[in-house]
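Asker: Okay, here's the structure, questions in a sec.
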Amino acid sequence: MTIKRLHYFDHQFLVEADFTDEQKYHLDMRRRLNRLLHTFGIAEGLAVAKSANKTVTVRPGMAIDRLGREMIVEADQVVDLSNAAQFPGSATVFITITYQEQETDPTTATGVSGNTRYTEQPTIQAVTTAPPTDGTVVQLARFTLDASANVPGNINDLFDGGARRTIGPRGEQGLASVDGVSNPGGNVDLVSANALTITPDDANNRITIGETHSARTDNPHATTAAQVGALPSGGGTVSGNLQVNGNIGVTGTVDGRDVSADGAALTAHVGVTNGNPHGTTAAQVGAMPASGGTIIGSLRVGPNGSTAILGNAGDAQNGFGMEAGKNQSVFISSNATPTVSGGPKTAMLIWPVSAGFQGLNIFASTGGVDTLSVAGTARFTGTKIGYVADTFVNASGGVLHTGDVVKLKATGHIRFHGDDNRIPIPEVIMSDSEDDPLVIGIVAQEATPASDEPDRRTEPEDPTSIPEGGELFVVTLGTFAHCRVDATAAPIAVGDLLTSSGNPGHARKATNPKIGSIIGKALEPLQEGTGYIAVFVNIQ
């Protein structure tokens, strides 16, 4: 929905719809403000009081419903409850107010009949069925008639939780009760008992309730050793193993024999905290000897934050992953540049377990080869950072450079590579016309050869220039730092949509965006001339 406000100018011709739109705008904005800043309910007054045995009176006041509409009562309104069929003895009665408006003040002054006003007169009524609580109506009171169907004495003293909804800030409502206990007009005294402490804070309109029981250390519940599954200090029987830290003193007799000396010997033996008094071997405890051995099954190194190093700092692991009969291998070295060689059977699993550590950090190598080459599907379960580039062939007849805007060659050939030849490699040329639907992306660099393909590059030391017939990477999605743009016709601001330009290899501001010709969005401004800016590539 578009919000429009009437605009006036000299000699403007106004009709009925213009004045109606003027009123609708102000009504909508005021009610929108009421609805968004407040809950529905009573804003002022609207007290309900008994005026006779069969009537109640609603005092002047104002309420707001869930649509933000004001319901104003300017004079006392008497509600009749004398209908015995509708309001029998002991019935619960709800007094509600509902928004209502109607056309009034008819006139024929111009020869045409019509009503000149809308009168906003809310409806006040009594019902015996609980009204909805969604704000379509606002509840003013709830009370129960006596056995003779008479109104009780002081209705205002009978309000309880939910009977009278007072307006408050959006998402909040005034306190109606404390844990279902109503406050009919006097103070609610909270009395501390035993370990409960209550501290009033009149200055901040709050009550702090605390307790002192949890800090007691004198066993206030008289818990026994048996209740917590412990051995009594007076002695008892232990079922299962017994682990004792420290010395053990044994005194007295067992089966008529003095065991004090045995206790001393046991204490001396248990006191040995190092060494191997029993000559236990690694094989006896199922451990691997320090000199090395074979582990069958999984190996886990921990705890978190520990480091596992396989190999020495300067190791050269030749034949890595190619050991006879093996198809998996792992090599971890503390050397910053270890020498590793091998074949395609190598596999490595890295699982970082500590925050702040990089799971896998691969530094770019020299010689123009790929930093990471994945033959097959690569699966990411977390965030993928950086732009996306695809492989194309330069069919422009000249040299393409990093930042050039390129388009598909309409009569180009496509060849395929990858698993089952599922990845096409189309031909591209320099983009040279405005709003070109063939535009496909921005040149990133010369494509590096795959591990199983020959290197056909003529100048691998300059990846920013791609000769005719050479393969190149083109950014087709994501943020990229270098895009040639031309701001001659229109300055480029951050967030502007970009399209192809008549200036070959350049993008320009899309002043009249067309589907299929949008390259992306500008991330930097350019006031005039030509240059390079960062962009978000999103072909659409």
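Asker: Please enumerate the residues belonging to the range 392-439 that are buried (at least 17 other Cβ atoms within 10 Å of the Cβ) and hydroxyl-bearing (S, T, Y).
Answerer: Selection gives S396, T402, S431.
Asker: Ok, one more. Counting only residues that are in a loop (DSSP other than H, G, I, E, B) and surrounded by 15 or more Cβ atoms within 10 Å (Cβ to Cβ), which one in the range 514-538 is farthest from the chain's Cα centre (by Cα)?
Answerer: Applying the filter and picking the extreme gives S517.
Asker: Let me ask another. So which residues in the range 131-157 are over 14 Å from N53 (Cβ atoms) and either among the aromatic types (F, W, Y) or under 39 Å from the mean Cα position of the chain (by Cα) (or both)?
Answerer: Within the range 131-157, P131, P132, T133, D134, G135, T136, V137, V138, Q139 qualify.
Asker: Using the structure shown, decide if A63 is exposed (fewer than 13 other Cβ atoms within 10 Å of the Cβ), at pLDDT 90 or above, in the same structural domain as P122 (by TED's automatic domain parsing) and under 30 Å from P152 (Cα atoms).
Answerer: no
Asker: Take the residues of the range 429-466 that are farther than 24 Å from A487 by Cα and β-branched (V, I, T): which is modelled with the highest pLDDT?
Answerer: For the range 429-466, the residue satisfying everything is I466.
Asker: Which condition breaks for T381 when tested against (1) assigned to a loop (DSSP other than H, G, I, E, B); (2) among the polar types (S, T, N, Q); (3) in contact (Cβ under 8 Å) with a residue 12 or more places away in the chain?
Answerer: Condition (3) is where T381 drops out.
Asker: Checking P106 against (1) surrounded by 12 or more Cβ atoms within 10 Å (Cβ to Cβ); (2) not in a loop (DSSP other than H, G, I, E, B), only one condition comes out false. Which one?
Answerer: (1)
Asker: Oh, and also: At pLDDT 90 or above, assigned by TED's automatic domain parsing to the domain that holds E101, over 26 Å from L67 (Cβ atoms) and not basic (K, R): is that true of L158 in this structure?
Answerer: no
Asker: Continuing with the same structure: If V56 satisfies every condition in (1) outside the structural domain of V138 (by TED's automatic domain parsing); (2) surrounded by 14 or more Cβ atoms within 10 Å (Cβ to Cβ) but one, which is the exception?
Answerer: With (1) outside the structural domain of V138 (by TED's automatic domain parsing); (2) surrounded by 14 or more Cβ atoms within 10 Å (Cβ to Cβ) applied to V56, the lone miss is (1).
Asker: Within the range 483-495, track down each residue that is under 39 Å from the mean Cα position of the chain (by Cα) and surrounded by fewer than 18 Cβ atoms within 10 Å (Cβ to Cβ).
Answerer: A490, P491, A493, V494, G495
Asker: Select, from P106, P132, the only residue that is over 23 Å from F19 (Cβ atoms), in the same structural domain as I42 (by TED's automatic domain parsing) and free of Cβ contacts under 8 Å to residues at least 24 places away in the same chain.
Answerer: Of the residues listed, the single one that is over 23 Å from F19 (Cβ atoms), in the same structural domain as I42 (by TED's automatic domain parsing) and free of Cβ contacts under 8 Å to residues at least 24 places away in the same chain is P132.
Asker: Determine which single condition R508 fails, assuming it passes every other condition in (1) of a type in the set (K, R); (2) more than 24 Å from V399 (Cα to Cα); (3) not in a loop (DSSP other than H, G, I, E, B).
Answerer: (2)
Asker: Quick test for you: out of A490, A444, pick the one residue that is on the phi < 0 side of the Ramachandran plot, aliphatic (A, V, I, L, M), assigned to a loop (DSSP other than H, G, I, E, B) and in the same structural domain as F392 (by TED's automatic domain parsing).
Answerer: Testing whether each residue is on the phi < 0 side of the Ramachandran plot, aliphatic (A, V, I, L, M), assigned to a loop (DSSP other than H, G, I, E, B) and in the same structural domain as F392 (by TED's automatic domain parsing) leaves just A490.
The values are calculated or read from the model by the stated rules, or taken from the named source; none is laboratory data. Everything quoted here is computed from the prediction, not taken from an experiment. Quick reminder, even Gly has a Cβ in these numbers, built from the backbone with ideal geometry, and neighbours come from all protein chains shown.
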